[in-house]
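Engineer: A single structure is presented below for examination.
No value in this document is a laboratory result; all are computed from the given coordinates. Source: prediction; values computed, not measured. Backbone-built Cβ (ideal geometry, glycine too); neighbour counts: all protein chains shown.
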Amino acid sequence: MTDRQDKILEILAGTQRVEVSTLAEKLEVSQVTIRKDLDYLDELGFIKREHGYALFGSIEDVDTRMAINYDIKRRIARTAAETVEEGETVLIESGSCCALLAEELANNKQVTIITNSAFIANHIRRAPYANVILLGGEYQNSSQVMVGSMTSKWAEIFMSDKFFMGTDGFTEKYGFTGRDHLRTQTARDMAQQAREIIILTDSDKFLHQGTEGLVRTEQVSAVFTDDRLLPEKELFLQERNVAIHKVASAKAA
């Protein structure tokens, strides 16, 4: 995406709905140019178009979350994918960074992906190396994810080399946190089936706190994030033997 398209997404993330004329004025380009940008973002599924307007979807929708800091999340996903070996079995939880990781793996490596995310399974279904096991369970329509005791029970069948998961927030007292009770509980249960737990998140999540504990810092082996991570947060993680992998928050010139 272009820098201008990134800026459009930033504006929409703050307002949810904005007129084409307003975007053109703020970004100092023609309305024709803005409409072309919006058509492209609509094709990606990041926004929705109405006559004269652009709309952001629900924050629970994976497409919407993926659009926020998209380029950073893409770099995080590519860096994390480099740590996965051919032939490995990986558990991937729902989330925007996780969806991009699954895409990277399914397009480039012969691995088995176990996930509770129907969005991820659908997102990578046409990729050349898409080998997906989709866990059953109660379906959450907004986030397109399977949750609940049935999902946890299915997860017990499988063992994975790595479990990649996102987060909604972080606290030094508990660790990584989530917002939704069922999704958080399911992710905690899934984590028990993995040899290694890895967090994928943009650094903004370290500035927020979810409503429920997801996984304690000491349980996490690595965090993939961006270089805007606050030094005190990085030091806290390193003191607890968490490996930090940071990608550039800005595009290379």
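Engineer: Taking the Cα centre of the stretch 78-184 as origin, sum charge times position over the Cβ atoms of Lys and Arg (+1) and Asp and Glu (-1), and report the length of that vector in debye to the nearest 20.
Structural biologist: My answer is approximately 260 debye.
Engineer: Hey, got a sec? Which trypsin sites (Lys or Arg not before Pro) in the stretch 65-158 land in a DSSP loop and have at most 15 other Cβ atoms within 10 Å? Before the final figure, lay out each step's value.
Structural biologist: Working: sites: R65, K73, R74, R75, R78, K109, R125, R126, K153; in loops: K109, R125, R126.
Within the stretch 65-158, the qualifying trypsin sites (Lys or Arg not before Pro) (loop, at most 15 other Cβ atoms within 10 Å) are R125, R126.
Engineer: Contour minus end-to-end for Q238 and N141, with contour as 0.36 nm per residue of separation and end-to-end as the Cα-Cα distance?
Structural biologist: Extra length available between Q238 and N141 comes to 31.2 nm.
Engineer: Tally Lys/Arg at +1 and Asp/Glu at -1 over every other residue whose Cβ is under 11 Å from the Cβ of A187; what's the total?
Structural biologist: Within the 11 Å Cβ shell, the charges total -3.
Engineer: Show that you can apply the helix-only estimate: for the chain, add -39,500 (n - 2.57) for every DSSP H stretch of four or more residues, divide by all residues, and state [θ] at 222 nm to the nearest 500.
Structural biologist: Estimated from H runs of four or more residues: -11500 deg cm²/dmol.
Engineer: If you don't mind, another one. Would you mind working out the magnitude of the charge dipole of the chain relative to its Cα centre, with +1 at each Lys and Arg C-beta and -1 at each Asp and Glu C-beta, to the nearest 20 Debye?
Structural biologist: Working: 30 positive and 39 negative charges, 27 e Å.
I would put it at about 140 debye.
Engineer: Antiparallel DSSP bridges in the chain: what percent, to the nearest 5?
Structural biologist: Values: 18 of 41 bridges.
Given both bridge residues lie in the chain, the antiparallel proportion sits at roughly 45 percent.
Engineer: Count neighbours as other Cβ atoms within 10 Å of each site's Cβ, and list the trypsin sites (Lys or Arg not before Pro) in the stretch 216-253 that are DSSP loop with at most 16 such neighbours.
Structural biologist: Within the stretch 216-253, the qualifying trypsin sites (Lys or Arg not before Pro) (loop, at most 16 other Cβ atoms within 10 Å) are R228, R240, K251.
Engineer: Provide, as a two-decimal number, the C-alpha radius of gyration of the stretch 126-231 over 2.2 N^0.38 Å, N being how many residues it has.
Structural biologist: 1.10
Engineer: Based on the alpha-carbon set only, what is the convex hull volume of the chain divided per residue, in Å³? List each step's numbers first, then the result.
Structural biologist: Details: hull volume 32.1 nm³, N = 253.
With only Cα atoms used, the chain gives 127 Å³ per residue.
Engineer: Take every DSSP beta bridge whose two residues both sit in the stretch 34-149, then give the antiparallel share in percent to the nearest 5.
Structural biologist: Within the stretch 34-149, antiparallel bridges account for around 55 percent of the total.
Engineer: Could you give the size of the charge dipole of the stretch 1-46 about its Cα centre, using +1 on the Cβ of each K and R and -1 on the Cβ of each D and E, expressed in debye and rounded to the nearest 20?
Structural biologist: With only Lys, Arg, Asp and Glu charged at Cβ, the dipole is about 80 debye.
Engineer: Considering every pair of different Cα atoms, what Kirkwood radius, in Å, is found for the stretch 211-253? Could the numbers behind the result be given before it?
Structural biologist: Values: mean 1/r = 0.0868 Å⁻¹.
Computed over Cα pairs of the stretch 211-253, the Kirkwood hydrodynamic radius comes out at 11.5 Å.
Engineer: Next question, about the same structure. Work out how much length R126 to V29 would gain on full extension: take 0.36 nm times their residue separation and subtract the Cα-Cα distance, in nm to one decimal.
Structural biologist: So the extension gain works out to 31.3 nm.
Engineer: Write down the radius of gyration of the stretch 40-187 and its Dmax, each obtained from C-alpha positions, in Å.
Structural biologist: When restricted to the Cα atoms of the stretch 40-187, Rg and Dmax are 15.5, 51 Å.
Engineer: Here's a follow-up. Considering only the other residues whose Cβ falls under 14 Å of the Cβ of G87, what net charge follows from Lys and Arg at +1 and Asp and Glu at -1?
Structural biologist: Taking every Cβ under 14 Å from that of G87, the sum is -2.
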